Amino acid sequence: MMERKTLSGAALKYIAFATMFIDHVGAGFVARMGLPENLQFIYIAMRFIGRIAFPIFIFLLVEGYTKTKSKVRYGARLLVFALISEIPFDLLFMLNDVQLASGQFIEFYGQNVLFTLLLGIIAMAAMDYVDKMTEGLSDRPSFLLVRGGINIFIVAVFYAIGEYVLRCDYGGWGVVAIAVMYYLRENRYLGVFIMCVTLFLPTRNIGEIPCLFSLLALVAYNGERGKQNKWVGYLFYPVHLLLIFAAAFFMGYIMI
């Protein structure tokens, strides 16, 4: 691991963007190419690289939440772009050629990852509210246990919403990973490690293990925001999905 902390928040975001783009090109374009068996490693490698992105986005979400001047505006922006991104997400990943040919451009079985991040923000805000309302009431272990139980219940509720109601990308465990990172934010290295374990251990999906490579970037974070435009950050998600969809369409891999 890097010892010098050289990466700003902007640098981490660009790493997340690049790895997410590679992942989505693999899932939305290369997967439709019909690669011969001896070239399937290209698709697998792209998906493995893509596992690096989500832990970085979680880390940046927690950083942004703790440092933003308005948590309401922060959540509202994420909601707006989650809604904007849903059509490009559905076009690329959720709809088949028959549905597209019939003129369907959106469906509600599964939602994009911005909804997962939004649920994480709401869960963090709810836990903050409980902690604020009970602050100073008692330091007895029994009371702290009750407060911890309430916070666990909050996370469980948002897990259920992500997993069974909205069926977001990364599902309920994505929301739990956000809560873990938030709870352990003062111990960054442990928080990032447990957050990554949370992403692959419950599902026992070996494909998620490469998310641990995100540690190489996250431990080098220097705590600075860096030069970045927040609107470019929000727009990247829907725009890159549309570009991959357009490329797959013009190459004949998607039929409308």
### Message
Being under 15 Å from ALA11 (Cβ atoms) and among the charged types (D, E, K, R) is the filter here; which residues of segment 205-229 pass it?
### Response
GLU224, ARG225, LYS227
### Query
Do we have any residue at all in segment 125-134 that's part of a helix (DSSP H, G or I), more than 30 Å from HIS24 (Cα to Cα), hydroxyl-bearing (Ser, Thr, Tyr) and out of contact with any helix residue (DSSP H, G or I) (no Cβ under 7 Å at 6 or more places or on another chain)?
yes
### Query
Do we have TYR183 as surrounded by 12 or more Cβ atoms within 10 Å (Cβ to Cβ), hydroxyl-bearing (Ser, Thr, Tyr) and more than 18 Å from GLU63 (Cβ to Cβ) here?
no
### Task
Would you mind stating whether GLU3 is modelled with pLDDT under 95 and either assigned to a helix (DSSP H, G or I) or among the acidic types (Asp, Glu) (or both)?
yes
### Task
Under 7 Å between Cβ atoms, at least 6 apart or on separate chains: pull out the pairs that start in segment 70-86 with a residue that is free of Cβ contacts under 8 Å to residues at least 60 places away in the same chain and part of a helix (DSSP H, G or I) and end on any residue that is of a type in the set (Ser, Thr, Tyr) and exposed (fewer than 15 other Cβ atoms within 10 Å of the Cβ).
TYR74/THR68
### Message
One residue is enough: does segment 13-27 have a residue meeting the conditions among the aromatic types (Phe, Trp, Tyr) and over 17 Å from the mean Cα position of the chain (by Cα)?
### Response
no
### Query
Considering PHE21, PHE48, which residue is part of a helix (DSSP H, G or I), in contact with a helix residue (DSSP H, G or I) (Cβ under 9 Å, 6 or more places away or on another chain) and farther than 20 Å from ILE206 by Cα?
PHE21
### Query
Taking helices (runs of 4 or more DSSP H) that fall entirely within segment 137-211, which contain at least 2 residues that are touching a residue at least 24 places away in the same chain (Cβ under 8 Å) and among the aromatic types (Phe, Trp, Tyr)?
171-183
### Task
Just give me the residues in segment 6-24 being closer than 17 Å to ILE244 by Cβ and either surrounded by fewer than 21 Cβ atoms within 10 Å (Cβ to Cβ) or in contact with a Cys (Cβ under 6 Å, 6 or more places away or on another chain) (or both), in sequence order.
PHE17, ALA18, PHE21, ILE22, ASP23
### Message
Pairs please, first residue from segment 16-29 and of a type in the set (Val, Ile, Thr), second anywhere and assigned to a helix (DSSP H, G or I), Cβ atoms under 7 Å, 6+ apart in sequence or on different chains.
### Response
THR19/ILE49; THR19/GLY50; THR19/ALA53; ILE22/MET46; ILE22/ILE49; ILE22/GLY50; VAL25/MET46; VAL25/ILE244
### Query
Among the residues of segment 81-113 satisfying the criterion of being of a type in the set (Val, Ile, Thr) and at pLDDT 95 or above, which is nearest to GLY174 (Cα to Cα)?
VAL113
### Query
Is it the case that GLY252 is at pLDDT 90 or above, small (Gly, Ala, Ser) and not in a helix (DSSP H, G or I)?
yes
### Task
Return the only residue of GLU63, GLU107 being part of a helix (DSSP H, G or I), acidic (Asp, Glu) and touching a residue at least 12 places away in the same chain (Cβ under 8 Å).
GLU63
### Qualifying positions in segment 212-229 - touching a residue at least 60 places away in the same chain (Cβ under 8 Å), in a helix (DSSP H, G or I) and not small (Gly, Ala, Ser)
PHE213, LEU215, LEU216, LEU218
### Query
Quick one: would you say GLY174 is surrounded by 16 or more Cβ atoms within 10 Å (Cβ to Cβ), touching a strand residue (DSSP E or B) at 6+ places or on another chain (Cβ under 7 Å), of a type outside the set (A, V, I, L, M) and modelled with pLDDT of 90 or more?
yes
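The values are calculated or read from the model by the stated rules, or taken from the named source; none is laboratory data. Here the structure is a predicted model, which is why all the values come from computation and not from measurement. Here the Cβ is made from the backbone with ideal geometry for all residues, glycine too, and neighbour counts use every protein chain on show.
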